[in-house]
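Remarks on the structure that follows.
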Amino acid sequence: MATFNNSFTYPQKYFLEGEALRHFGIKALTYKNWKTTLEKIPGRYKVKGTNYYVIEPEEFHKWLIETRIEPATKHNKLHDGRKQNSMKGGKPIRDNVSGDIESKAFVSSLSSGTNKSNGLSI
């Protein structure tokens, strides 16, 4: 488990939930799961008279480091030695793409510059 160093500075005293997620690099679905499974998320406060919550970053960050963040090891999900799927040359491979005849006819009509259905030129 990591130790908390209280030398962090934050751009504001409180964050809206979405701002805090972006600031701390947390996915929305992960946060939603925490809200439903955990009784309380430290640093999360309801604003009276409104329908939203704010996050106090120091308390939330301390909880995040102490309970949620672990060092990356070869036994973690993404670091277990499995070969990751990579995109060669930055382009996806499009083998075995099926298509019907109508879509091919539509593409050929676009390349000819006219739309057969209404006679308009593109």
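The values are calculated or read from the model by the stated rules, or taken from the named source; none is laboratory data. Everything numeric in this text was worked out from a predicted model, so none of it was measured. For neighbour counting, all protein chains shown are included, and Cβ atoms are generated from backbone atoms with ideal geometry for every residue, glycine included.
Of the residues contained in segment 65-85, none is found to be closer than 27 Å to LYS32 by Cβ, over 20 Å from the mean Cα position of the chain (by Cα), among the hydrophobic types (A, V, I, L, M, F, W, C) and modelled with pLDDT of 85 or more. State whether the residues of segment 22-30 include one that is closer than 19 Å to THR9 by Cβ and among the basic types (Lys, Arg). Looking through segment 22-30, at least one residue is closer than 19 Å to THR9 by Cβ and among the basic types (Lys, Arg). In segment 32-43 there is no residue matching the filter, namely being over 30 Å from THR73 (Cα atoms) and exposed (fewer than 10 other Cβ atoms within 10 Å of the Cβ). Scanning segment 51-64 for residues that are farther than 16 Å from ARG22 by Cα and either β-branched (Val, Ile, Thr) or in contact with a Pro (Cβ under 8 Å, 6 or more places away or on another chain) (or both) yields GLU59, LYS62, TRP63.
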